[in-house]
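Encoded as structure tokens, the structure appears first; notes follow it.
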Amino acid sequence: MKKITVLRDHSTTRAPGPSPHAPNDSDCIYPFVGCNDDQIDQERMDAWIGRIAEWKEANNIRVLAFFLHQHKEKTSAALAAYFTKKLNSRIGTNINVPTLKTPRQIGKNDEPAR
């Protein structure tokens with residue numbers, strides 16, 4: 001049976017940051033809820049990247065699903081790219097960095113949902 005750990009951090013400020021409890025050889029799901037302040041969200045993401053790196057080095061984590069959500073989604077793609085680049089650099093992964101099409105890049109067949 002697969003063990004899944006749901007990680008929680010209800011903080012939307014600089015403190016207290018990620019939970020100190022490491023998963024134990026499990027697949028992890030972490031829903032990151034941003035507070036729409038890029039500086040604070042990046043600091044929180046940096047703390048999570050550090051924690052994820054520690055867990056990976058200790059072989060406590062097999063799979064991580066990291067979901068990003070904000071109440072105002074305007075900067076979500078940029079924050080997702082920030083997190084992915086930093087995580088790739090820190091733990092040596094090669095996860096594709098998300099990109100966001102600008103209105104000029106959107107073709108007739110892939111109109112944005114309204």
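So that you can scan it fast, the table gives a plain yes or no per residue for (1) modelled with pLDDT of 85 or more; (2) of a type in the set (Asp, Glu); (3) assigned to a loop (DSSP other than H, G, I, E, B):
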{"residue": "2", "(1), (2), (3)": "no, no, yes"}
{"residue": "11", "(1), (2), (3)": "no, no, yes"}
{"residue": "18", "(1), (2), (3)": "no, no, yes"}
{"residue": "35", "(1), (2), (3)": "yes, no, yes"}
{"residue": "46", "(1), (2), (3)": "yes, yes, no"}
{"residue": "50", "(1), (2), (3)": "yes, no, no"}
{"residue": "75", "(1), (2), (3)": "no, no, no"}
{"residue": "86", "(1), (2), (3)": "yes, no, no"}
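Restricting the search to segment 43-81, which residues are surrounded by 16 or more Cβ atoms within 10 Å (Cβ to Cβ) and among the basic types (Lys, Arg)? Selection gives 44, 51, 56. Does residue 24 qualify as being touching a Pro at 6+ places or on another chain (Cβ under 8 Å), at negative phi and modelled with pLDDT under 80? So residue 24 fails the test.
The values are calculated or read from the model by the stated rules, or taken from the named source; none is laboratory data. These numbers come from a predicted model, not from an experiment. Note that each Cβ is placed from the backbone with ideal geometry, even for glycine, and that neighbours are counted across all protein chains shown.
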